[in-house]
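*Asks:* The structure is given below, and queries will be raised subsequently.
Coordinate-derived values only; no laboratory data. All values derive from a computational prediction rather than experimental measurement. Every residue, glycine among them, receives a Cβ derived from its backbone with ideal geometry; neighbour counts consider all protein chains shown.
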Amino acid sequence: MNEVDRLIDGLPEPQRAIVRRLRAAIREVAPDLEESVKWGAPVYGRGSRNLLSLIPHRAHVNLQVFNGAAAPDPEGLLEGTGKGLRHVKCRTLADAERPGLRALMLEAAKAAGPTPP
């Protein structure tokens, strides 16, 4: 069991199930992203670039998109006003399964460029 697994196992429901679903989607869409724990949350990136993170809150989980301000978001899922970071609130498993989330995950991975050899 790695550090991310331990972190997720310690979450209450429904956050645990939502984080697991989002994690599976990230792995499916961008299996080459590196997974780590930063700031007490799962973070996905490439090299030194943070691309996505899963931030559990009391009533929801935020899928954070580090380059979200520049990401195409045709479904209007992204929230926030930061210089670059945007997030999507997932309150239920159904929220975590919205097709637009996978598109955002894929765009975040593409923005980091190709996987180094």
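*Asks:* Given the C-alpha atoms of the range 3-111, compute the convex hull and give its volume per residue in Å³.
*Replies:* Enclosed volume per residue, from the Cα hull, is 96 Å³.
*Asks:* Okay, next question. What dipole magnitude, in Debye to the nearest 20, does the range 1-85 give about its Cα centre under +1 on Lys/Arg Cβ and -1 on Asp/Glu Cβ?
*Replies:* 180 debye
*Asks:* Counting each DSSP H run of 4 or more residues in the chain as -39500 (n - 2.57), what helix-only mean residue ellipticity at 222 nm follows after dividing by all residues, to the nearest 500 deg cm²/dmol?
*Replies:* That calculation yields -9500 deg cm²/dmol at 222 nm.
*Asks:* Pairs of alpha-carbon atoms within less than 8 angstrom and 6+ residues apart define the contacts here; what relative contact order does the chain have, in percent?
*Replies:* Dividing the mean separation by the residue count of the chain yields 25 percent.
*Asks:* Where does the longest stretch of the chain lie that holds no trypsin sites (Lys or Arg not before Pro) found in a DSSP loop with 12 or fewer other Cβ atoms within 10 Å?
*Replies:* Excluding the exposed sites themselves, the longest stretch runs over 1-57.
*Asks:* How long is the gain from Glu34 to Arg49 if the chain were fully straight, where each residue apart is worth 0.36 nm and the alpha carbon distance is subtracted?
*Replies:* My answer for the length gained is 4.4 nm.
*Asks:* Would you kindly state how much longer the chain becomes between Lys89 and Arg16 on full extension, computed as 0.36 nm times their sequence separation minus their alpha carbon distance, in nm to one decimal?
*Replies:* 24.8 nm
*Asks:* Could you compute the net charge surrounding Thr92? Neighbours are other residues with a C-beta less than 14 Å from the C-beta of Thr92; K and R count +1, D and E count -1.
*Replies:* Neighbourhood net charge equals +3.
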